[in-house]
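Everything on this sheet refers to the single structure shown next.
Since every read-out is calculated from the coordinates, none of them should be taken as a lab result. Computed from a predicted model, the values in this text were never measured in an experiment. Cβ atoms come from the backbone with ideal geometry, glycine included; neighbour counts cover every protein chain shown.
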Amino acid sequence: MLTVEAALSRILAAAPAPRREAVAVTDALGLHLSGPVLATMDLPPWANSAMDGFAVRAADTPGRLVVLETIAAGAVPRATVGAGTASRIMTGAPIPPGADAVVMIEDCTTEGDQVQVPGARPGQHVRARGSDVRAGAEVLAAGRRLGPGALGLWASFGHTQIAVYARPRGAVISTGDEVVQPGTALGPGHIYSSNNVTLAALVAEAGGVPVDLGNCLDDPAALHARFTDAARCADLVVSTGGVSVGDFDHVKDVLGAVDFWRVAMKPGKPLAFGRFGDRPFFGLPGNPVSCMVNFLQFVRPVVRTMLGDPSPFLPVVSATLTRPVRRAPGRVEFLRVRLSRDAAGTLWASPTGGHQGSGNVAGMADAHGFALLDATRTEVSGDVSVQVFDGAYDARESAGYTWGTQPDADPRRCC
């Protein structure tokens, strides 16, 4: 069996390159830049006031000055500020010719068309042209994840489009004669397909666009037709079920040329990875927890890589198990745990659910992450590394790392 590291390495080596596209700035939140962003103009484009007040010549202060006009934000100054004069000015309005400072309105006393101002220094409360950004400067590096601040900066240059790596479309297919879609009546021997909902949500959470193609019967011709449809409408294909060695497990046979692995991990040992046409194809186990574990370990990093994310792996934190865990050696184990911090600051990892079976969906729903248990150990206690998959948990203190190394190792990789 392949190790988790080896399987992930082979999968990432076959991951498609990110696809570039231009999208509306309003649709680019969370995407990654496909190239560096250069300032196309000075910011601010002209000197303006940082305060409501009076634009003056600093050399004339302190003193009593004649008020020439009021300059509102969006207006253009009509008069030049000369000796003994000032212009009332609002925040953001252009600094009038001749003025080199602004005195806050609350520090001044007005009497008719005159104003008494205190002393000022040149440049006081004046935003100089280009003081924020100079035209031609690189303001955002290639690969940068676009947050609200970065998008606002780009919009400050007047642009409505931005060049990013496209969100990959992920087709989701469940397989099995026993599976029916939620909303329909259960017949004898049937179960509801929760994996479609879960996988579509995981694709979306990873930053992709889910395409739910429903359930397909355990029939080679039907599977081939459904996979063909998926390859036409998506950038990658994810199926669930039919990848083990049962009489009705046809997925790997339909794929044909496929790396079919048994990965040394628990849960989620069966995994089919290959290509259908020119699309990456992941055949995940049908057991709900195994399906989720495999997606998070192998599919999610590919989605993030296709998004241009330079750090496509889940974060990892160090925590202390609340109780010892006994286990059979031989495979890496992804133990579902819930994280909590006590008053002393210790981060605790509590195993969830009554057991850790691959069908224990409730335990998965309650978990924040996976405690990563080494394949060689029969009993684990004390400190463990926890891979955090619940976005609601604050993992800012985390550091990603390669399986089997210490948390201060290569921060670009984790298992």
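Backbone amide hydrogens, once placed in the peptide plane, bring Ile71 within less than 5 Å of Arg88, Ile89, Met90, excluding anything fewer than 5 places away on its chain. Computed from the C-beta positions of Ala24 and Thr378, the FRET efficiency with R₀ = 56 Å rounds to 0.50.
What does the charge dipole of the chain about its Cα centre add up to, to the nearest 20 debye, if the Cβ of each Lys and Arg holds +1 and the Cβ of each Asp and Glu holds -1?
Details: 36 positive and 39 negative charges, 134 e Å.
Computed about the Cα centre, the dipole is about 640 debye.
Here's how it looks for Ala120: its modeled amide H is under 5 Å from those of Thr61, which are all 5 or more places away or on a different chain. Taking all Cα pairs closer than 8 Å and separated by 6 or more residues, the relative contact order of the chain comes to 15 percent.
Positive end of the dipole of the chain (Cβ unit charges, origin at the Cα centre): among Phe313, Val361, Trp348, the Cα lying farthest that way belongs to Phe313. The calculated P(r) of the stretch 48-127, using every Cα pair and 5 Å bins from 0, goes 3, 20, 34, 29, 12, 1 in percent. PRE reach from Gln116 (point 7 Å along Cα→Cβ): which of the stretch 42-82 fall under 18 Å by backbone N? Answer for the stretch 42-82: 54, 60-67. Near Asp366: Cβ cut-off under 11 Å, other residues only, Lys/Arg at +1 and Asp/Glu at -1. The net charge is +1.
Cα gyration tensor of the stretch 316-388, axes a ≥ b ≥ c as square roots of the eigenvalues: rounded (a/c below 1.5), prolate (a/b > b/c) or oblate? Note, shape of the stretch 316-388 comes out oblate. One decimal place: the segment Ala135-Arg341 gains 69.4 nm when fully extended, by the rule 0.36 nm per residue minus the C-alpha distance. Comparing Gly30, Gly112, Gly170, which has the greatest mean-square fluctuation in the GNM of the chain with Cα pairs linked when under 10 Å apart? Highest fluctuation of the listed residues: Gly112.
Once the Cα atoms are used to define both axes, helix 195-205 deviates from the longest principal axis of the chain by about 30 degrees.
Which shape class applies to the stretch 277-354: rounded if a/c is under 1.5, otherwise prolate when a/b exceeds b/c and oblate if not, where a ≥ b ≥ c are the square roots of the Cα gyration tensor eigenvalues? Judged from the Cα gyration tensor, the stretch 277-354 comes out oblate (a/c at least 1.5, b/c at or above a/b). Counting charges near Ala58 (Lys, Arg +1; Asp, Glu -1) among other residues having Cβ under 9 Å from its Cβ returns a value of 0.
Rounded to the nearest Hz, the phi-derived 3J(HN,Hα) couplings of the stretch 280-292 under the Karplus curve 6.51 cos²θ - 1.76 cosθ + 1.60 (θ = phi - 60°) are x, 10, 10, x, 9, x, x, 4, x, 5, 4, 4, 5, where x marks glycine and proline. Over all other residues within a Cβ to Cβ distance under 14 Å of Val172, the charged ones net out to 0, with Lys and Arg as +1 and Asp and Glu as -1.
In terms of its alpha-carbon gyration tensor, the chain comes out prolate; a/c meets the 1.5 threshold, and the first ratio a/b outweighs b/c.
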